[in-house]
Amino acid sequence: MSIDATDRRIIAATQAGLPLVPEPYAAVAAGLSLPEAELCERLRSLQARGVIRRIAAAPDHYALGLVANGMSVWDVDDAQVGALGARVGALDCVSHCYERPRALPDWPYNLFAMIHGTSRHEVEQKRAQISALLGDACRGGDILYSTRILKKTGLRLRPKEG
Amino acid sequence: MTLDATDRLILNRLQEGLPIAPDPFGTVAGELGLDTTDLIARLARMKAARVITRFGPFFDASAMGGAFCLCAMAVPADEFEAVMTKVNAYSQVAHNYQRDHWLNMWFVLATETEDEIGSVAASLARETGYDVLRFPKLREFFIGFRVAA
């Protein structure tokens, strides 16, 4: 996947967000001295290649009352983790879902799914749904609630030159 | 701020994605039966109130180069603050959460290269005296989380 210097300038100019004006792409294009049509074409291409996942609004979970979140972890049969992971990831309540390596013997879990809800009770209900979905392919699970944010700097991209 | 039904409609719609076209807000406003000026004003208000944390393109960080790895440590309670200070001092530590589990410190390492993940983890372990378990992403299952506003 090749990202050229112009793409990098576009990324740098938009990673803080799009301006909330009637013609946001024209405004970004003007700042970069690019024709708006070229900017839009490049954004579409970046999105088609997966560099941009989507252009969207990210709501604050807490502001919407989703104050409970837990990292659920599961020990899922390796042969089935792909198919089942996709189904868990598709659930509305799951914001991130990854297959990760186990750290045996102490950590047998290979599927991680972050569950959000308005209360721990709701998170536990969602967790039970996931458990039912995984069925016999799952040999065990656990959930880790965060108790404190120790650091949060955000993953700011640092586009390299060229 | 209190969200009304229109704010919620906008929030639900704009999690799906903004069109890439000259008049994207006009298109969305038309779909929702709203006035474009009102739509933009409501977005600006929600952003100012931090109900919307970010509005714009969401990038796949790994597609941009760089390496990321979720890591965990088991730290005794009486040393937790001291270890946390050492861990957080690394600029490569992007997020760090305390969790109620024997693995009680979970953080993400973000580095320029894959090799650096290993060297930073080793350096953290050396400096704190505790193992750093690494859980790199093998596969990501997506679909897109949608919060019902």
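Would you call B:Phe80 farther than 21 Å from A:Leu66 by Cβ, without any contact (Cβ under 8 Å) to a residue 12 or more places away in the chain, within 10 Å of chain A (Cβ to nearest Cβ) and aromatic (Phe, Trp, Tyr)? No, not satisfied.
May I ask you to verify whether A:Val88 is at pLDDT 95 or above and closer than 25 Å to A:Val51 by Cα?
yes
Scan B:Ala49, B:Ala44, B:Ala74 and give me the residue that is in contact (Cβ under 8 Å) with a residue 40 or more places away in the chain, surrounded by fewer than 17 Cβ atoms within 10 Å (Cβ to Cβ) and in contact with a Leu (Cβ under 8 Å, 6 or more places away or on another chain). Walk me through how you get there before you give the answer.
Numbers: B:Ala49 fails: in contact with a Leu (Cβ under 8 Å, 6 or more places away or on another chain); B:Ala44 fails: in contact (Cβ under 8 Å) with a residue 40 or more places away in the chain.
Selected residue: B:Ala74, the only one of B:Ala49, B:Ala44, B:Ala74 that is in contact (Cβ under 8 Å) with a residue 40 or more places away in the chain, surrounded by fewer than 17 Cβ atoms within 10 Å (Cβ to Cβ) and in contact with a Leu (Cβ under 8 Å, 6 or more places away or on another chain).
Taking the conditions (1) crowded, with 21+ Cβ neighbours inside 10 Å; (2) within 30 Å of B:Pro22 (Cβ to Cβ); (3) modelled with pLDDT of 95 or more in turn, A:Val76 satisfies each one other than (2). Scanning the stretch B:136-149 for residues that are modelled with pLDDT of 95 or more and surrounded by 16 or more Cβ atoms within 10 Å (Cβ to Cβ) turns up nothing. Residue pairs whose Cβ atoms lie under 7 Å apart, separated by 6 or more positions or on different chains, with the first residue in the stretch A:109-124 and under 11 Å from A:Gly70 (Cα atoms) and the second among the hydroxyl-bearing types (Ser, Thr, Tyr), are A:Phe112/A:Tyr98; A:Ala113/A:Ser72; A:Met114/A:Ser95; A:Ile115/A:Ser72; A:His116/A:Ser95.
The residues of the stretch A:60-99 that are within 13 Å of the chain's Cα centre (by Cα) and closer than 30 Å to A:Ser2 by Cα, listed by number, are A:Gly89, A:Ala90, A:Ser95, A:His96, A:Cys97, A:Tyr98. Close contacts from the stretch B:85-101, counting a first residue that is within 16 Å of B:Tyr130 (Cα to Cα) and within 8 Å of chain A (Cβ to nearest Cβ) and a second that is modelled with pLDDT of 95 or more and in a loop (DSSP other than H, G, I, E, B), with Cβ to Cβ under 8 Å and a gap of 6+ residues or different chains, come to B:Gln98/B:Asn104. Name the residue that is nearest to the other protein chains (Cβ to nearest Cβ), counting only residues in the stretch A:112-153 that are more than 20 Å from A:Ala90 (Cα to Cα) and part of a helix (DSSP H, G or I). Among them, the one singled out is A:Arg120. Taking first residues from the stretch A:53-78 that are closer than 23 Å to A:Ser146 by Cβ and partners that are surrounded by 20 or more Cβ atoms within 10 Å (Cβ to Cβ) and of a type in the set (Gly, Ala, Ser), the Cβ contacts under 7 Å between residues at least 6 apart in sequence or on separate chains come to A:Pro59/B:Ala149; A:Leu64/B:Ala149; A:Leu66/A:Gly117; A:Ala68/A:Gly117; A:Ser72/A:Ala113.
Against the test of being under 22 Å from the mean Cα position of the chain (by Cα), in a strand (DSSP E or B) and either modelled with pLDDT under 95 or within 13 Å of B:Phe59 (Cα to Cα) (or both), the options A:Ala57, A:Ala12, A:Ala16 yield a single qualifying residue, A:Ala57.
The values are calculated or read from the model by the stated rules, or taken from the named source; none is laboratory data. Please read these numbers as outputs of a predicted model, since none were measured by experiment. Methodologically, a virtual Cβ is constructed for each residue, glycine included, from the backbone with ideal geometry; neighbour enumeration extends over all protein chains shown.
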